[in-house]
1. Quote to one decimal, in nm, the extra length available between Ala164 and Lys307 on full extension: 0.36 nm per residue of separation minus the C-alpha distance between them.
2. Rounded, prolate or oblate, given the Cα gyration tensor of the range 568-676, with a/c below 1.5 counting as rounded?
3. Give me a comma-separated list of calculated 3J(HN,Hα) values for the range 33-38, in order, Karplus coefficients 6.51, -1.76, 1.60 applied at θ = phi - 60°, integers in Hz, x for any Gly or Pro.
4. Suppose accessible area is computed on protein heavy atoms with a 1.4 Å probe; arrange Asp436, Asp531 from highest to lowest.
5. Could you sort Thr373, Thr583 by their accessible area in this structure, using a 1.4 Å probe and putting the largest first?
6. If you take every DSSP beta bridge fully contained in the range 6-209, what fraction is antiparallel? Give it as a percent rounded to 5.
7. Near the amide H of Lys355, under 5 Å away, which other amide H atoms are found, from residues 5 or more places off or on another chain, if H is placed in the peptide plane?
8. What figure in square angstrom, to the nearest 10, would you give for the accessible area of Arg19 with a 1.4 Å probe?
Amino acid sequence: MSKITTELLLERAVPRSTRLRKIETLNLSKLQLKTGDLDPRLFSRLRHLQKLDLSDNLLDKFPNSLTLPDLRVLNCNNNKLEDVTALKQFPLLEELTYENNVYLTLNDDYKVMFLLQNLRLLNGKDITKLANHVRRVNSRKLTSKVTAHWEKFFRDQLPEKHTAEQVKSIKKKFLKSVQTNVVYGPSSLSEFTRWRVKMIAEEFLAHSLGLELNSDTEPEEKTDENEEESTDSPREAAEDVAQVVHIYDPLVTVTPSKRKRNHSKSSPGNKRSKSQAHTEEEAEDVSAEPLHFLQCHSKGNSREDFKTQLWSCVFEPVLDSGARKDPIVSSSRTVATCGGESVCLIDCETGTVLKKYKVATEEFFSVAWTTLTMVISDSRKKAHNILAAAGRRGIVKLIHVAADFCYGEIKAHKKPIATVCFSPTQETHLFTASYDKRIALWDIGIPDCDYNFKASQLLVLEAASIPLRIALVPTCPEQYLLAGCEDGCFAWNIKLDKGQKSRPFEAIFQFPDDESMTTSHRVDGLAFLNDDVVVSKSSKPGCIYLWSWSRSFDAKGKGCQRTMSAVILAELEWSTTDMSYLTLSTCPAKDYVFCGDEKGSVWMYNLSNYTTAWGSAKGKRSERRISPTQILKWPELRVNGEQPPEILVNNVVADPAFTYLVVLTSVNITAIWKKS
């Protein structure tokens with residue numbers, strides 16, 4: 001039964017009314033309305049409605065026959081709209097707002113500007129001048145290009161005396177060809193351009209050649225190539241970067257013996273005894289120089305933006321290095337970073353922002369690289385690096401970096417994606433972990449020379465809580481996946497020869513909790529130090545565990561959702577803060593673990609003296625906590641003469657050779673250190 005009744009409409013009228021036909025302003029916000037609740041028969045009685053508020057509901061589209069002939073103002077903010085073409089049924093619409101509909105893009109803005117000839121305000125902005133350009137100049141240019149395409153490639157293919165079958169065939173070929181080959185405007189509007197080109201081509205065939213016009217009123221199915229991104233060139237990116245933050249103290253390094261511990265103000269009672277906070281007799285001091293402090297993810301390129309959180313970074317693979325064989329040479333000095341509405345590619349040596357990719361409605365949480373062997377235009381095969389980026393909208397963007405082109409997207413989840421990673425052995429296999437408590441495995445396919453590709457979902461892993469970090473087991477990356485979640489650490493069997501496409505977790509791991517063992521704790525940091533040693537960080541203050549995968553996981557056991565005790569090898573001393581989501585990383589080739597803290601510092605652990613002992617079958621747990629080899633202290637910064645606010649280190653990543661260290665913060669600053 002629909003939530004909307006005559007009585008509700010009369011009650012929600014502004015002012016209240018006694019007859020539907022007298023209502024001019026109607027507020028239907030915050031009613032949890034879905035598309036099926038908008039009954040066309042009931043709405044057809046609102047003949048004089050001019051202002052309609054449908055904000056803060058659950059609408060995914062508009063019915064095609066609401067029949068509101070006098071509607072002038074429409075508010076659809078905070079819904080789940082996926083398409084705007086049905087709005088053309090309101091030809092008198094002058095003001096339209098649909099902010100915070102995560103599936104709507106810049107392309108949809110252009111569609112409504114074309115469809116609604118009287119529209120003046122869109123999301124609070126005057127679009128009169130731009131809309132006139134879209135309706136006239138854009139349409140004229142595209143019509144010219146469509147006509148030229150027909151004359152050059154198709155006119156001679158249609159015989160003077162033709163059958164209905166020949167007409168149908170030529171129409172199909174022409175529509176496909178013209179949408180692929182007619183290009184106009186920036187790549188960020190490629191979906192709108194294809195939509196208009198198809199419309200113009202159908203009108204051309206109908207009016208010029210007498211072929212049947214497609215009168216289908218349903219919105220066109222969006223292809224995986226749909227974009228709303230802007231990819232800046234190096235010159236544009238350099239101009240786009242807000243500023244380089246000036247630093248003092250050109251060389252800043254601190255060892256534990258020279259520095260007092262920073263205790264979190266939020267947990268003053270968690271101080272450790274001397275026996276707990278053991279310091280190594282000889283702390284190795286790695287000299288690291290802060291090279292660059294960049295503010296390149298600012299919202300709207302604002303120099304005053306110190307609120308955008310930076311979340312993920314990963315170094316680009318070197319194409320000709322045999323990257324899968326030698327980790328030391330498996331990356332360049334180029335790193336991809338993400339946070340807020342943008343993804344940046346940065347040269348760590350020079351601090352240059354090489355490329356910048358923005359989606360105005362997105363907040364990016366994770367990036368990952370893969371290398372695909374693609375067929376280029378002359379039929380030769382060549383390896384290219386592809387960057388996957390995902391975040392709050394649940395959509396994965398696929399970017400061919402060398403071509404400055406986002407060639408596609410995968411609508412992977414209805415809720416935000418926390419993290420993504422590619423398989424090290426299957427280059428097209430991408431894992432996406434989402435707030436919907438699922439981890440999906442996708443085959444992203446390999447794009448052809450026209451960037452056509454086909455993505456498919458291979459597997460869905462059901463989690464008991466939100467997955468925050470994922471890692472494939474190095475010795476068997478095609479069989480087991482490990483995930484740190486809001487409520488524990490879990491493992492799944494991901495082998496594809498098993499028939500079950502949707503799978504529960506196979507194991508949950510117990511960890512020490514004071515005097516007992518527990519499975520219930522947030523695991524917000526997870527990585528492998530080598531083929532066997534797992535490093536995980538829990539919500540327990542100051543707690544980073546190193547544990548053995550092979551000795552903890554019983555691969556021979558039967559059944560799902562088994563509880564297993566993690567075989568702890570050591571515990572790392574870390575900050576006493578109870579702040580969550582400050583994640584860790586590893587540099588396996590150098591036996592290093594890195595983790596930032598709530599004070600802007602980076603804790604570094606060189607574990608090369610321990611890994612051999614841990615690798616033996618009888619390797620025992622280190623009785624004392626291992627202190628950091630070194631702590632890189634956040635240097636004194638001045639931005640416009642002032643120090644930035646409180647700095648949290650959300651992520652810190654080194655390249656495989658540990659030449660550069662990239663630090664991502666909560667205050668929109670990317671710090672790049674170089675090992676001297």
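The values are calculated or read from the model by the stated rules, or taken from the named source; none is laboratory data. Because the structure is a prediction, the values reported are computed rather than measured. Heads up, the Cβs are rebuilt from the backbone with ideal geometry, glycines too, and the neighbour counts pull from every protein chain shown. Quick note on the areas: whole protein, heavy atoms, side chains included, nothing else; ligands and nucleic acids left out. Shrake-Rupley method; radii C 1.70, N 1.55, O 1.52, S 1.80 Å.
1. 45.3 nm
2. prolate
3. 6, 10, 4, x, 7, 8
4. Ranked from most to least accessible, the order is Asp531, Asp436.
5. In descending accessible area the options line up as Thr373, Thr583.
6. For the range 6-209, the DSSP antiparallel bridge percentage is about 20.
7. Correct list: Leu345.
8. Approximately 120 Å² of Arg19 is accessible to the 1.4 Å probe.
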